[in-house]
Amino acid sequence: MRVGFLSLGVCLPKRIMANDEWSRYVDTSDEWIRERTGIERRRIAGPEEGTATLAEGAARAALDDASLQAADLEEIILATDTPEVYSPDTAAIVQHGLGCREIPTYDLAGSGCAGFLQGVDIACSRVRTGRRNVLVIGVEVISRIMSWQDRNTCVLFGDAAAAAIVGPVNGAGEVLAVVAGTEGGKAGILGKEIGGTRRPFGPEHVASGEYNRLIMNGREVYKEAVTRMTAAAREVLDRAGKRVEDVTLFVPHQANLRILHSVAEHLQLPLERVYINVQDYGNTGSASVPLALWEARAKGRVRPGDLVLLTAFGAGFHWAAALIQY
Ligand SMILES: CC(C)(COP(=O)(O)OP(=O)(O)OC[C@H]1O[C@@H](n2cnc3c(N)ncnc32)[C@H](O)[C@@H]1OP(=O)(O)O)[C@@H](O)C(=O)NCCC(=O)NCCS
């Protein structure tokens, strides 16, 4: 059976925040952010927008794109590090919001920026065992849970939701191969600790300003990102019996322009074949890969017959890659 993407959908917060605005909150500049990250602006969720509403918006767009109804969905996998509420998971809230049947739903919580592709990996195997129309959503509203006083992290991220429906396909959109992996020994280089059972949230964390701090060893993350995304890309190509030269478009996780350039260089992929939109959205976590793929398709960068390589890395340390034949 051929399994692949039946459709894509995106939902973006209305508010666009340019780099300059960050200098109101922290000691930074547009120049620093552009030079070190390539980011120029990002979306920030407003009071009416949240993880569940953005996820639902992306899901509805993906349903429209596939000419399907909510009742046609058979499972929902939602990847996020910024859930609507602590418990239950956001997928349950989205299921109700969409008006689905009582289908199974679950979050890949804390899956970081690799969460969407991990979800695609699971969805493909679920479709192979009989499910149809599995909705996979990547969504983050990180602006609401991060510190706006920590310049090391706050300038990097943006809010967004993007979704795909995975199901049986007749050729176009087929997932030829997908790979995923985790190195849990690197869990400490990127994440958010306060609020878990190891360090339950308390008033002392508000006093110390730690309560919303993201832990990030930027240089270590950078090195791991380049190594792991390059290796995952090579592995998925090998598994599908394809070569780098066969790839028409490379759509990596949009974390940082320098990381993207470095991965492309390691793979010896010319930049004309790399899709880049980090300048407009920043790092949108698990929404990043499906958002970039959706935008590339909307701009006519994905045509019938194209071989599209997706890869991502994130907190965990998780990585994943998928190869799509359009
Ligand atoms: C975070 C990152 C952009 C920093 O770039 P870098 O070139 O490694 O910068 P450095 O770590 O050398 O820091 C340089 C200086 O800039 C400062 N700095 C950090 N953020 C800043 C900001 N927003 N504005 C101005 N200065 C900043 C640092 O404090 C440091 O100052 P110091 O030398 O006085 O201590 C880069 O390491 C990176 O992109 N890492 C990966 C992060 C990532 O992708 N995370 C998400 C993964 S899903």
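Restricting attention to region 164-173, report how many residues are buried (at least 18 other Cβ atoms within 10 Å of the Cβ) and not β-branched (Val, Ile, Thr).
3
Within region 190-209, identify whether any single residue is within 25 Å of Thr230 (Cα to Cα) and either in contact (Cβ under 8 Å) with a residue 40 or more places away in the chain or surrounded by 14 or more Cβ atoms within 10 Å (Cβ to Cβ) (or both), and answer yes or no. If you could, list the steps in order and put the result at the bottom.
Just the residues of region 190-209 that are within 25 Å of Thr230 (Cα to Cα), to begin with: 190-191.
Those still in the list that are either in contact (Cβ under 8 Å) with a residue 40 or more places away in the chain or surrounded by 14 or more Cβ atoms within 10 Å (Cβ to Cβ) (or both) too: 190-191.
Yes, that holds for at least one residue.
Condition first: among the aliphatic types (A, V, I, L, M) and more than 29 Å from Gly173 (Cα to Cα). Can you find one or more residues in region 21-32 that meet it?
yes
If you go through region 267-313 one residue at a time, how many are touching a Gly at 6+ places or on another chain (Cβ under 6 Å) and on the phi > 0 side of the Ramachandran plot?
The total comes to 1.
If Glu210 satisfies all but one of (1) in a loop (DSSP other than H, G, I, E, B); (2) outside the structural domain of Ser288 (by TED's automatic domain parsing); (3) out of contact with any helix residue (DSSP H, G or I) (no Cβ under 9 Å at 6 or more places or on another chain); (4) not hydrophobic (A, V, I, L, M, F, W, C), what's the number of the condition it fails?
Just one mismatch for Glu210, condition (3).
Among the residues of region 159-183, which ones are more than 17 Å from Asp121 (Cβ to Cβ) and modelled with pLDDT of 95 or more?
Asp159, Ala160, Ala161
Being within 20 Å of Ala114 (Cα to Cα) and at pLDDT 95 or above: is that true of Ala70 here?
no
Only residues that are surrounded by 19 or more Cβ atoms within 10 Å (Cβ to Cβ) and charged (D, E, K, R): list them for region 75-120, please.
Glu75, Asp81, Glu84, Asp89, Asp107 - these are the residues of region 75-120 that are surrounded by 19 or more Cβ atoms within 10 Å (Cβ to Cβ) and charged (D, E, K, R).
For region 128-145, does any single residue satisfy the condition of being within 15 Å of the ligand (Cβ to nearest atom), assigned to a strand (DSSP E or B) and not assigned by TED's automatic domain parsing to the domain that holds Tyr25?
No, that holds for no residue.
Within region 222-229, is there a residue that is touching a helix residue (DSSP H, G or I) at 6+ places or on another chain (Cβ under 8 Å), of a type in the set (S, T, N, Q) and not assigned by TED's automatic domain parsing to the domain that holds Ile44?
Looking for residues that are touching a helix residue (DSSP H, G or I) at 6+ places or on another chain (Cβ under 8 Å), of a type in the set (S, T, N, Q) and not assigned by TED's automatic domain parsing to the domain that holds Ile44, one finds none in region 222-229, hence no.
Looking at (1) at negative phi; (2) touching a residue at least 60 places away in the same chain (Cβ under 8 Å), which one does Asn133 not meet, given that it meets all the others?
Status for Asn133: all satisfied but (1).
For Lys192, work out the one condition from (1) within 16 Å of Ala55 (Cα to Cα); (2) within 16 Å of the ligand (Cβ to nearest atom); (3) out of contact with any helix residue (DSSP H, G or I) (no Cβ under 7 Å at 6 or more places or on another chain) it doesn't fulfil.
Exception for Lys192: condition (1).
Can you name the residue in region 152-184 that is closer than 24 Å to Glu56 by Cβ and of a type in the set (A, V, I, L, M, F, W, C) and, of all such residues, is farthest from the ligand (Cβ to nearest atom)?
Among residues in region 152-184 that are closer than 24 Å to Glu56 by Cβ and of a type in the set (A, V, I, L, M, F, W, C), the one farthest from the ligand (Cβ to nearest atom) is Ile165.
For the subset of region 238-263 comprising residues that are of a type in the set (A, V, I, L, M) and within 21 Å of Thr153 (Cα to Cα), which member is nearest to the ligand (Cβ to nearest atom)?
Ala255
Could you grab me the full set of residues in region 49-68 that are over 12 Å from Val139 (Cα atoms) and either aliphatic (A, V, I, L, M) or not in a loop (DSSP other than H, G, I, E, B) (or both)?
Passing the criteria: Arg60, Ala61, Ala62, Leu63, Asp64, Asp65, Ala66, Leu68.
Residues being assigned to a strand (DSSP E or B) and either within 16 Å of the ligand (Cβ to nearest atom) or surrounded by fewer than 21 Cβ atoms within 10 Å (Cβ to Cβ) (or both): count how many of those fall in region 1-48.
So the answer is 7.
The values are calculated or read from the model by the stated rules, or taken from the named source; none is laboratory data. Since this is a predicted model, take the numbers as computed values, not measurements. When we count neighbours, we look across all protein chains shown, and the Cβ atoms used for this are built from the backbone with ideal geometry, even at glycine.
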